[in-house]
1. Would you mind ranking 204, 109 by Cβ crowding within 10 Å, fewest neighbours first?
2. Could you compute the FRET efficiency for residue 40 and residue 142, with r as their C-beta to C-beta distance and R0 at 30 Å, rounded to 0.05?
3. Using a basic spin-label model with each label point 7 Å from the Cα along Cα→Cβ, how many nm lie between residue 103 and residue 190?
4. Order of 86, 8, 143 from fewest to most other C-beta atoms within 10 Å?
5. Per 0.36 nm of contour for each residue apart, how much would the distance between residue 83 and residue 14 grow if the chain were fully extended, relative to their Cα-Cα spacing?
6. For the stretch 180-201, list residues with backbone N below 15 Å from a point placed 7 Å from the Cα of residue 167 toward its Cβ?
7. For a footprinting-style exposure proxy, rank 181, 146 by other Cβ within 10 Å, fewest first.
8. Would you calculate the separation in nanometres between label points at residue 22 and residue 50, each defined as 7 Å from the Cα along the Cα-to-beta-carbon direction?
């Protein structure tokens, strides 16, 4: 009995089927790898935002407006970039460097494409010689800062009216204008951060020192 051998057409069909199978498997692995890369990038972006949010909340939680020292809380527009920066007084916990413990001043702003917080000692006179800077987030293309002053109780309004007349912030609305003349810290802060392809994010923060002014029925 003669042995049967493969003819050319059978070899070509087998090779074609093999190539189709390899191509299909490569496509599956390529799509899986692309999906994993996208998930990893998204995870990294989310982790970066969570870290920045945690650090910012620590800053706003330490924000204070103690009248015994010269307090600050205002929004300033940078002349060159046109981007806003937030300057506020902090009651900082004990630090390794004594100049950054207790009452300090913090500035949140954009430097190049980085969201930066700068902290320096609170001085009644003169310019601080030392400063601490920390990058909270990189790849930031735009920063918007809005503040919210909660409606006050009637008793608080009467008490305020009896004091010296000062410029007051609008109540119950978000505003991106908060000059020094307000001489008042807000109840809530909102930071809108644009990061190009990484997406846009909106972060909300509250100031525990001022949280007692909220009238929930009027929010």
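Throughout, read-outs are computed from the coordinates displayed, never taken from laboratory work. Bear in mind the structure is a predicted one, so any value in this text is a computation, not a measurement. Cβ atoms come from the backbone with ideal geometry, glycine included; neighbour counts cover every protein chain shown.
1. On the way: 204 13, 109 19.
Result, fewest neighbours first: 204, 109.
2. Details: r = 25 Å, r/R0 = 0.85.
Given R0 = 30 Å and the Cβ-Cβ separation, E is 0.75.
3. 3.2
4. Numbers: 86 23, 8 7, 143 19.
Ascending Cβ contact count within 10 Å gives the list 8, 143, 86.
5. Numbers: separation 69, 0.36 × 69 = 24.84 nm, distance 6.51 nm.
The span from residue 83 to residue 14 would gain 18.3 nm if fully extended.
6. It comes to 180-185, nothing else.
7. Values: 181 11, 146 20.
With the sparsest Cβ surroundings first, the list reads 181, 146.
8. The answer from the label model is 4.3 nm.
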